[in-house]
């Protein structure tokens, strides 16, 4: 008999933006229930956060180690099925590894780990365990991104020549680290890692281009900048990308563009046509052609691909946005896990969520972008 999938959470306590987002997304389709959590490194805050979510005392934990160990001792029909890890970057690797070692499936916030070495180790562990692993690169969950991927795959644009992807924000244009919790760890190399802006939002832009086109990167050349005085990590940057097969890309990411909110845009051009999508207007995609006018493609329309329609939730004309895209990742993960628990095959549509391989590619991106920028934009070849 199918049942709700039981989720535990590490991180995401009181005052956490992303924790609430994950819980709303996981709950949207009624397939997942939160049964336990360690919501903060502060035992008191973790307990209060658990009370906020109406969890019983014995399922609110003071450390992720305690949580994973104690949950593993519970009867199979009670303990969590998977853990959602929504901590800052430096606290991704060890909880994920421990969860896999104790045979729990994992959903992990991006970027996958703190270092590339950790990413390789975690990928290996996922492969050895044969457990499900999802990385929350949110923007791949949009129905129109599914449509863009399918149109590229079936050859509507012809051979891809040029990719432009930009992610523009302005919220870090001033030094707000002391007053803003979300800013404080993102600008701290001890908690964020080698990259700031490029690790935070540049990886999203990079993943989006890779997801839609399916192209592998050959070489990159990057320039990173820190415009805010005394900021240790980048808050702005540009990356030139040479893809295997001949396509060329340009990725720009910045968090110091005053007045911008969350402006993620992508344009892809092939031999026969092009497409354009803007995250702040997510229900629309523009198709461009040599010999006929532009086309406006809209979410939930009857001409959409099966993958896009599977990830559409409302009739055409009703806005679907960030939360729904996040929820699509959780729903696909939950569907896949339901089949796995029942001993059934998992379809391609249901397995359509970012993987450990995507996480490794994201960490390679960070590693080589920083290396290139440190060597005066030297071209760096991506190695497997």
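Any read-out appearing in this document is the output of simple, stated calculations on the displayed coordinates, not a laboratory observation. Values in this document were obtained by computation on a predicted structure and should not be read as measured data. Neighbour counts run over all protein chains shown; Cβ positions are idealised from the backbone, glycine included.
Details
- Averaging Cα coordinates gives a centre for the range 30-92 and one for the range 97-126; these two points are 18 Å apart.
- Compactness index (Cα Rg / 2.2 N^0.38 Å), the range 1-93: 1.01
- Evaluated on the range 334-384, the Kirkwood hydrodynamic radius is 13.5 Å, with distances taken between all distinct Cα atoms.
- Cα-based helix-to-principal-axis angle, 17-27 vs the chain, degrees rounded to 10: 80 degrees
- Over 17 Å [Cα-Cα, the range 179-324], rounded percent: 70 percent
- Whole-Å distance, taken between Cα centres, linking the range 229-279 and the range 132-179: 9 Å
- By the count of other C-beta atoms within 10 Å, a proxy for reagent exposure, 314, 213 are ordered fewest to most as 314, 213.
- Listed by Cβ neighbour count within 10 Å, with the fewest neighbours leading, 87, 284, 168 appear as 284, 168, 87.
- Computed Kirkwood radius, in angstrom, where 1/r is averaged over Cα pairs of the range 291-384: 16.9 Å
- Between residue 74 and residue 24, the FRET efficiency from the beta-carbon distance, with R0 = 22 Å, is close to 0.30.
- Å³ per residue enclosed by the Cα convex hull of the range 210-292: 125 Å³
- Semi-axes of the equivalent ellipsoid of the range 60-127 are 22, 13, 9 Å, computed as sqrt(5λ) over the eigenvalues of the C-alpha gyration tensor in descending order.
- Most fluctuating residue given options 88, 229, 43, as computed from a GNM of the chain linking Cα atoms under 10 Å: 229
- Taking N as its residue count, the alpha carbon Rg of the chain over 2.2 N^0.38 Å: 0.98
- Remark: the range 194-238 is approximated by an ellipsoid whose semi-axes, taken from the C-alpha gyration tensor as √(5λ), come to 24, 11, 7 Å, largest first.
- Computed log10 I(q)/I(0) for the range 147-249 at 0.10, 0.16, 0.20 Å⁻¹: -0.36, -0.75, -0.98, from the Debye equation with unit scatterers placed on every C-alpha and solvent omitted.
- Gain in span if fully extended, residue 156 to residue 341, counting 0.36 nm per residue against the direct Cα distance: 62.8 nm
- Axis angle, to the nearest 10 degrees, between helix 322-341 and the longest C-alpha principal axis of the chain: 60 degrees.
- Extension gain for residue 263-residue 288 works out to 6.9 nm (0.36 nm per residue, less the C-alpha to C-alpha distance).
- Selected from 12, 259, 50 as most flexible by GNM, with the chain as the system and alpha-carbon contacts under 10 Å: 259
- GNM result for the chain, Cα springs below 10 Å: residue of 131, 264, 224 fluctuating most strongly: 131
- Kirkwood hydrodynamic radius over Cα pairs of the range 156-196, then Stokes diffusion coefficient at 20 °C and 1.002 mPa s, in µm²/s: 165 µm²/s
- Derived from the Cα gyration tensor, the three semi-axes of the equivalent ellipsoid of the range 56-186 are 33, 24, 14 Å, largest first.
- Cα pair count fraction exceeding 20 Å, expressed as % - the range 261-321: 32 percent
- Cβ crowding within 10 Å, taken as a proxy for footprinting-reagent exposure, orders 223, 118 from fewest neighbours to most as 223, 118.
- The long axis of helix 64-73 is offset from the longest Cα principal axis of the chain by roughly 60 degrees.
- The range 122-194: C-alpha pair distances exceeding 20 Å, %: 64 percent
- The calculated FRET efficiency for residue 17 paired with residue 232, based on their beta-carbon distance and R0 = 25 Å, is about 0.65.
- Between the C-alpha center of the range 287-323 and that of the range 193-220 there is a gap of 24 Å.
- For the range 39-94, the share of alpha carbon pairs falling in successive 10 Å distance bins from zero is 21, 55, 23, 1 percent.
- FRET efficiency, residue 383 to residue 57 (Cβ-Cβ, R0 41 Å, nearest 0.05): 0.25
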